[in-house]
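Since the structure comes first, as structure tokens, the remarks are kept for the end.
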Amino acid sequence: MKKALIIGVNGQDGSYLSDLLLEKDYEVHGIIRRSSSPTLARVRHIVDNCEFDERFFLHFGDLSDALSLIKVIEEVRPDEIYNLAAQSQVYVSFDIPEYTGDVSALGVTRLLEAINISQIKTKYFQACSSEIFGKPSETPQNENTRLNPVNPYGVSKLYAYLMTSVYRSTYGMFNCSGILYNHESPRRAENFVTRKITKSIAKILTKKQDFLYLGNIESKRDWGFAKDYVEAMWLMLQQDKPDDYIIASGQTYSVKDFLVEAFSLVNLDWQKYVKFDQRLLRPKGDFSLFVGDASKARKVLNWKPKTSFKEIVRLMLEADLKSEGVSL
Ligand code: NAP
């Protein structure tokens with residue numbers, strides 16, 4: 001039985017990756033941080049399922065604490081390690097740039113060193129981001145597009161990307177980076193715009209909320225489905241050779257497109273409920289047009305996104321309506 005270690009196991013992607021690996025008969029270990037309030041909602045269905053008692057384990061640890069990483073890696077000796085943990089929000093990275101760098105950049109060095117010190121043979125996946133292209137020099141972007149991050153989050157992910165590659169070439173480690181474009185799901189954190197929209201619609205329908213406040217609704221994104229993207233992560237570690245891949249849908253939609261689609265599913269006119277809030281604009285503007293060219297992943301990994309934009313909107317809305325006791 002293969003063993004996997006997921007850092008960020010209780011995040012959106014970590015929870016879907018856990019589902020996938022358990023389905024594939026892995027023993028799954030996850031690192032979680034100590035918190036004063038519960039953070040296991042996204043893996044609750046696994047934790048509470050006694051079928052997984054012998055195959056799903058949680059360990060306390062933190063990317064800012066090298067010893068905790070060494071301890072878990074030496075104890076578990078995983079065949080595969082997936083680092084999905086990060087301070088993952090761009091606008092927050094302007095408020096806490098030092099912390100963002102400590103966790104999302106230096107944390108990767110701590111992890112790679114922990115693997116080296118433990119002297120285990122393992123395969124390593126690093127979650128990187130389209131934000132490493134910053135203001136992209138070309139559209140769509142591919143694995144050779146110029147790297148030019150424009151916010152602290154993007155800089156931290158570029159550091160992570162480069163260190164993952166340096167440890168691959170220097171120590172011969174089986175390291176892969178996924179340059180991930182936006183991916184959503186019903187498990188997306190509530191402070192991301194897509195989830196904010198679907199959650200608000202559910203609250204508007206149940207009269208718990210009157211309006212939805214948003215920033216730049218013309219902002220465009222290459223949106224995929226998280227469940228499809230974790231499959232690409234797994235596929236990268238099943239190859240004979242380690243490499244880096246763009247993981248993207250290749251299509252862009254605006255926040256307005258998302259609004260129109262989501263509100264139309266409940267027969268409401270979005271313009272009656274959406275209000276502009278200047279404070280929600282990105283601090284340094286939002287001028288990047290991220291569109292990924294995932295043809296390398298398509299060719300080498302035989303991966304392609306399965307879930308359409310419309311399906312993503314529907315799945316997210318259905319889940320939020322359900323939690324408010326409403327059905328579509
Ligand atoms: P997410 O839902 O925000 O999950 C982040 C995870 O990282 C959480 O489990 C969080 O734990 C954990 N974490 C944060 N700081 C940590 C620390 N110091 N030590 C250990 N764990 C820590 O993010 P996601 O959407 O699943 O994304 C997964 C990865 O892909 C991230 O690295 C993200 O930057 C990257 N990415 C995501 C997207 C996207 O659209 N989703 C796009 C590009 C790249 P807590 O619950 O304790 O906070």
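The values are calculated or read from the model by the stated rules, or taken from the named source; none is laboratory data. None of these values were measured; they are calculated from a predicted model. Cβ: placed from backbone, ideal geometry, glycine included. Neighbour counts: every protein chain shown. Please note that ligands, DNA and RNA were not included when accessible areas were found on the heavy atoms of the full protein model with its side chains. Shrake-Rupley method; radii C 1.70, N 1.55, O 1.52, S 1.80 Å.
So how much slack lies between residue 98 and residue 39, counting 0.36 nm per residue of separation and subtracting their Cα-Cα distance, in nm? All intermediate terms of the calculation are to be shown ahead of the outcome.
Details: separation 59, 0.36 × 59 = 21.24 nm, distance 2.36 nm.
Separation in residues times 0.36 nm, less the Cα-Cα distance, equals 18.9 nm.
Using the heavy atoms of the protein chains and a 1.4 angstrom probe, tell me the accessible area per residue for the chain in square angstrom. Can you show the working numbers first?
On the way: 15330 Å² over 328 residues.
Normalised by residue count, the accessible surface of the chain is 47 Å².
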Can you pull the three principal axis extents for the Cα set of the stretch 26-70, in Å, largest first?
32, 25, 11
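Please compute the Kirkwood hydrodynamic radius over the stretch 20-152, one decimal place, Å, based on all pairs of different Cα atoms. Don't skip to the answer; put the middle values down first.
On the way: mean 1/r = 0.0593 Å⁻¹.
After inverting the pairwise mean of 1/r, the radius is 16.9 Å.
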Per DSSP, loop trypsin sites (Lys or Arg not before Pro) in the stretch 84-168 with at most 16 further Cβ within 10 Å
121, 146
With just the Cα atoms defining each centre, how far is the stretch 22-68 from the stretch 108-133? Give it in Å.
19 Å
Which angle from 0 to 90°, rounded to the nearest 10, does the C-alpha axis of helix 193-205 make with the longest principal axis of the chain?
40 degrees
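Using just the Cα positions, wrap the stretch 37-115 in a convex hull and report its mean projected area in square nanometres, one decimal place. Spell out each step's value before the answer.
Details: hull surface 25.8 nm².
About 6.5 nm², averaged over all directions.
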Computed over the Cα atoms of the stretch 183-253, what is the ratio Rg over Rh, Rh following Kirkwood?
1.12
What do you get for GluC sites (Glu not before Pro) in the stretch 142-224 restricted to DSSP loop and a cutoff of at most 12 other Cβ within 10 Å of the site's Cβ?
190, 218
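Based on Cβ point charges of +1 for Lys and Arg and -1 for Asp and Glu, what charge dipole magnitude is obtained for the chain about its Cα centre, in debye rounded to the nearest 20? Walk me through the intermediate numbers first.
Numbers: 43 positive and 42 negative charges, 121 e Å.
About 580 debye.
Tell me the carbon and sulfur percent of the accessible area for the stretch 1-148, rounded to whole percent, probe radius 1.4 Å.
Details: 3300 of 6810 Å².
Using a 1.4 Å probe with all protein chains present, the stretch 1-148 comes out at 48 percent carbon and sulfur.
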Using the reciprocal of the averaged 1/r over all distinct C-alpha pairs, how large is the Kirkwood radius of the chain in Å?
20.4 Å
Using a simple charge model, +1 on the beta-carbon of Lys and Arg, -1 on the beta-carbon of Asp and Glu, nothing else, what dipole does the stretch 155-201 show about its Cα centre, in debye to the nearest 20?
160 debye
With each pseudo-label sitting 7 Å past Cα toward Cβ, what's the residue 306-residue 2 distance in nm, one decimal?
1.7 nm
Per-selection Kirkwood Rh - the stretch 226-328 (Cα, Å, 1 d.p.)
16.6 Å
Out of all DSSP beta bridges in the chain, what portion is antiparallel? Express it as a percent rounded to 5.
5 percent
In terms of the charge dipole of the chain, which places +1 on Lys and Arg and -1 on Asp and Glu at the beta carbon, the residue among 88, 327, 170 farthest towards the positive end is 327
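Within 13 Å, Cβ to Cβ, of residue 206, how many net charges do the neighbouring residues add up to if Lys/Arg are +1 and Asp/Glu are -1?
Working: positive: 199, 203, 207, 208, 322; negative: 210, 320, 324.
Local net charge: +2.
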Which one of 147, 61, 300 has its Cα pushed farthest toward the positive end of the charge dipole of the chain, where Lys and Arg give +1 and Asp and Glu give -1 at the Cβ?
147
Could you run the Debye sum over the Cα atoms of the stretch 62-216, one equal point scatterer each and no solvent, and tell me log10 of I(q)/I(0) at q = 0.18 Å⁻¹, two decimals?
-1.09
Label-point separation in nm, residue 271 to residue 295, each point 7 Å along Cα→Cβ
4.0 nm
Using a Gaussian network model of the chain with C-alpha springs under 10 Å, which one of 161, 153, 99 is most mobile by mean-square fluctuation?
99
Beyond 20 Å, what share of the Cα-Cα pairs of the stretch 85-166 is found? Please give it as a whole percent.
35 percent
Give the carbon-plus-sulfur fraction of the accessible surface of the stretch 204-249 in %, rounded to a whole number; probe 1.4 Å, heavy atoms of protein chains only.
46 percent
What whole-number distance in Å separates the alpha-carbon centres of the stretch 210-225 and the stretch 256-306?
6 Å
Gaussian network model of the chain, springs between alpha carbon atoms under 10 Å - residue of 57, 225, 290 with greatest fluctuation
57
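Could you give the dipole magnitude of the stretch 216-328 about its Cα centre, charging the beta-carbon of Lys and Arg +1 and that of Asp and Glu -1, in debye to the nearest 20?
Here the stretch 216-328 has a charge dipole of around 160 debye.
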Compactness relative to 2.2 N^0.38 Å, alpha carbon Rg of the stretch 137-275:
1.30
